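See below for the structure under consideration.
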Amino acid sequence: MLTLCTSMAVLHRFARATPDALAAWQAPRLIALMQRAAAQVPFYSALWTERGQDPHAVRGMEQWAQVPVVSHVAYRRASVESRCFPGARLEGCERRKTSGSSGIPLEVYTSRSDLIVRKTIWWRARWAAGLRPGWRQWTVGGFHAKRITPWARHWHWYAPLEAAFAQMMRGKAPDVLHGYPSALLVLMEQLREAGAPPPRLKAVTTGGETLEPALRAALSAFFSAPVHDFYGCHEAGVIAAPCAAGPGFHVASPYHFVELLRDGRPAQPGETGELVLTSLLAQPMPYVRYEVGDLAVAGTPNCPCGSPHLKIESIAGRSADVLTGPTGKTISAMFVNKPYFDRRDILQYRVTQTARDAVVVELLAHADLDAKLIADIRAFYSRELEIASVEIRRVASLEPLAGGKHKRFVALKGATS
């Protein structure tokens with residue numbers, strides 16, 4: 001209860017504070033976290049040792065640029081134990097494995113107290129966007145039902161695409177429809193093709209992928225509802241929420257310090273930079289100047305909405321396409337890694353659709369690929385999309401695409417012809 005009340009008070013205090021007040025609150029906490037991680041967490045200690053620098057020389061935010069930026073790939077390849085504070089009781093934490101939006105899945109742990117704060121941030125962000133507790137929500141496709149807590153199941157339904165489509169064809173609909181943009185696109189097109197009257201909703205919420213302006217407009221028009229896009233990750237929960245004054249996002253809480261870096265310097269308004277996160281919710285696994293793996297466009301300061309938090313004009317990365325098979329069956333590219341999602345020996349992957357009936361699966365793995373995994377991959381694409389040609393390669397490295405993004409799914413020009 002103390003954690004909940006404290007976090008609510010902090011969120012309320014800094015919802016409309018001045019940027020200077022926010023910086024004054026964050027600075028000593030960020031410095032203390034950085035120095036503690038450098039002293040106690042093997043992964044961060046090694047970074048400082050490699051640099052030959054003393055973390056205690058960083059005494060204020062004016063020296064913050066001296067703190068090493070952590071590569072997502074390097075963090076992923078380090079052992080879980082080397083990324084945790086000493087004595088961390090992982091059995092008492094929530095374990096999640098990221099979907100690998102960049103093609104690099106990651107195993108993360110979060111303490112129960114930090115989860116309470118993360119949920120508080122999420123609910124305040126929803127409230128600020130006009131979403132109200134008790135509104136019936138359908139979460140469409142790709143989210144595990146086990147993540148919906150028992151107390152919420154009377155108003156929150158995990159809905160596979162097929163089930164949501166069937167219910168809407170019967171004239172039923174929720175207050176809020178939530179999902180990946182690519183999944184909602186598929187649902188919208190299915191309803192349109194079936195000639196069903198568009199269901200009227202109170203809101204549509206999206207996350208996990210880049211929401212293009214054209215798709216936002218199409219979803220809003222079809223469902224007769226505002227569309228709210230949230231940005232987050234398993235490592236830290238919701239990071240950015242919609243700006244109240246118009247397009248773009250603001251960092252959602254003072255517990256998250258976000259930088260947009262371009263060639264090592266802060267990105268200027270309108271420039272695209274790497275999104276780098278330092279989270280004050282750091283038990284048992286801290287994130288200090290951690291590259292999330294996404295690109296974002298920097299917004300202008302002094303936003304008319306009055307938020308003191310960093311403005312993000314748009315998220316430029318993490319865009320997942322819709323994979324279409326030879327018979328027209330579709331799945332979101334968020335799910336192309338199902339056969340090896342929980343395999344710790346798979347470090348990175350890329351799926352390239354070279355034609356309607358052909359994909360190439362490249363896997364960066366610790367060891368040779370076993371026969372069962374190969375069979376499971378072939379069976380998955382055959383079952384889900386009726387794709388017969390599945391080429392599976394074990395590779396020594398996966399180079400990033402143009403723009404530096406390690407996309408997990410690539411549809412080449414002409415792939416859908």
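The values are calculated or read from the model by the stated rules, or taken from the named source; none is laboratory data. Nothing here was measured: the structure is a model prediction, and the numbers come from that model. Every residue, glycine among them, receives a Cβ derived from its backbone with ideal geometry; neighbour counts consider all protein chains shown. All accessible areas refer to the heavy atoms of the entire protein, side chains included, with ligands and DNA or RNA removed. Shrake-Rupley method; radii C 1.70, N 1.55, O 1.52, S 1.80 Å.
Details
- Of the trypsin sites (Lys or Arg not before Pro) found in segment 182-230, those in coil by DSSP whose Cβ has at most 16 other Cβ atoms within 10 Å are Arg200.
- Solvent-accessible surface (1.4 Å probe) assigned to Thr3 amounts to roughly 50 Å².
- Think of a 1.4 Å ball rolled over the protein heavy atoms: the chain then has 45 Å² of accessible area per residue.
- Highest-first arrangement of 364-374, 164-174, 285-295, where packing means the average Cβ count within 10 Å: 285-295, 164-174, 364-374
- Calculated Cα extents along the principal axes in Å (choose from (1) 62, 50, 42; (2) 64, 47, 45; (3) 97, 53, 49), label: (1)
- Full extension of the segment from Arg96 to Ile374, taken as 0.36 nm per residue of separation minus the current Cα-Cα distance, would add 97.6 nm.
- Scanning the chain for long hydrophobic helices, with DSSP H runs required to stretch 30 angstrom or more by C-alpha along their axis and to average at least -1.0 on the Kyte-Doolittle scale, returns 19-40.
- Heavy-atom accessible surface of segment 24-72: percent carbon and sulfur, 1.4 Å: 52
- Shown is the FRET efficiency for Arg36 and Ala166, computed with R0 = 56 Å from the Cβ-Cβ distance and rounded to the nearest 0.05: 0.60.
- Solvent-accessible surface of protein heavy atoms, probed at 1.4 angstrom with all chains present, puts Glu91, Glu362, Glu384 in the order Glu91, Glu384, Glu362, largest first.
- Estimated inter-spin distance, Arg29 and Arg383, nm [label 7 Å along Cα→Cβ]: 4.5
- Length added when fully stretched, Thr327-Leu4, from 0.36 nm per residue minus Cα-Cα: 111.2 nm
- Centroid-to-centroid separation of segment 176-233 and segment 1-72 [C-alpha atoms, Å]: 37
- Figure note: Ser253, Ser224 ranked by solvent-accessible area, largest first, 1.4 Å probe, ligands and nucleic acids not counted: Ser224, Ser253.
- Taking Cα centre as origin and charging only the Cβ of basic (Lys, Arg, +1) and acidic (Asp, Glu, -1) residues, the dipole magnitude of the chain rounds to 1100 debye.
- Most to least packed among 61-69, 234-242 [average Cβ atoms within 10 Å]: 234-242, 61-69
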